[in-house]
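Bear in mind these aren't lab numbers, they're just calculated from the coordinates by the rules spelled out. Predicted model, so just to flag it, every value in this text is computed and none were measured. Here the Cβ positions follow ideal geometry from the backbone for every residue, glycine too, while neighbour counts run over all protein chains shown.
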Amino acid sequence: NAGVTQTPKFQVLKTGQSMTLQCAQDMNHNSMYWYRQDPGMGLRLIYYSASEGTTDKGEVPNGYNVSRLNKREFSLRLESAAPSQTSVYFCASNTGPNTGELFFGEGSRLTVL
Amino acid sequence: AQKITQTQPGMFVQEKEAVTLDCTYDTSDPSYGLFWYKQPSSGEMIFLIYQGSYDQQNATEGRYSLNFQKARKSANLVISASQLGDSAMYFCAMSRSNDYKLSFGAGTTVTVRA
């Protein structure tokens with residue numbers, strides 16, 4: 001029952017360092033998403049991939065890049081981390097738009113010093 | 001742009017009592033979906049309930065029910081017979097037809113007292 005798996009669970013970076021958050025789903029879902037969660041702001045969409053081979057910007061894409069490696073995997077990259085990117089990041093997936101619930105990973109807590 | 005508003009930052013409820021969490025939304029799209037998620041202190045996002053804009057009846061899932069008032073653009077979550085394990089953050093969310101973005105409200109923290 002893996003569902004959506006994201007790694008790492010925790011990461012501390014220094015300003016300017018780069019890192020990649022990995023996400024994989026085993027539910028044969030077409031669409032995958034990256035959200036960030038900050039106190040008092042709910043979850044905000046960073047990037048999404050409607051289907052394999054496509055990616056699109058969400059609400060807060062600046063400072064991030066994504067790669068839809070294949071149908072299972074969707075990675076989020078911070079090229080030059082900033083303290084404003086300190087957040088909890090969630091990967092999620094579903095079969096497509098307005099098709100029901102999003103299935104979430106357990107979250108990755110990132111701290112940028 | 002769609003907007004989800006949850007006006008209650010935090011609520012206290014006595015064990016075994018019911019609690020209503022408010023959610024209003026703003027969209028001009030006639031077709032949309034409304035969701036509620038629970039986030040306990042452990043951090044994972046747990047799907048609770050879904051309501052489609054064309055559904056005639058209010059959605060129910062066990063102790064959770066969604067009070068959908070389309071004209072008022074509200075989708076309140078009712079938790080009946082609260083349990084200590086219901087203490088968590090609750091998020092209301094909305095998606096529009098053919099739109100991949102699920103937009104979330106800021107959340108409401110519920111604390112259940114014994």
With a 10 Å cut-off between alpha carbons and a GNM built on chain B, which of B:25, B:100, B:37 moves the most?
B:100
Quick one: 3J(HN,Hα) in Hz for the stretch B:19-33, Karplus 6.51/-1.76/1.60 with θ = phi - 60°, rounded, Gly and Pro as x.
9, 10, 9, 7, 8, 10, 9, 9, 7, 9, 6, x, 10, 7, x
Quick one: among A:103, A:74, A:90, which has the greatest mean-square fluctuation in a GNM of chain A with alpha-carbon springs under 10 angstrom?
A:103
What ³J(HN,Hα) values, in whole Hz, does the Karplus curve 6.51 cos²θ - 1.76 cosθ + 1.60 give for the stretch A:84-94 when θ = phi - 60°, with x put for Gly and Pro?
5, 8, 5, 5, 9, 10, 10, 9, 8, 8, 7
Mean-position separation - Cα centroids, the stretch A:12-84 and the stretch B:1-32, in angstrom:
27
Let me confirm one metric for peptide B:41-54, namely the mean number of other chain beta-carbon atoms within 10 Å of its residues' beta-carbons.
3
Mind telling me which of B:33, B:85, B:52 comes out most flexible in a GNM of chain B, alpha-carbon contacts under 10 Å?
B:85
To the nearest 0.05, what FRET efficiency results for residue A:51 and residue B:113 with a Förster distance of 35 Å applied to their C-beta separation?
0.15
Phi to ³J(HN,Hα) by Karplus 6.51 cos²θ - 1.76 cosθ + 1.60 over the stretch B:90-104, Hz, x for Gly, Pro
10, 10, 9, 8, 9, 10, 9, 4, 6, 10, 7, 8, 9, 9, 10
Skipping prolines and chain starts, which residues have an amide H placed within reach, meaning under 5 Å, of the one on residue A:17, given they are 5 or more residues away or on another chain?
A:81
Of the options A:60, A:75, A:17, report the single residue whose Cα projects farthest towards the positive end of the charge dipole of chain A (beta-carbon charges: Lys, Arg +1; Asp, Glu -1).
A:17
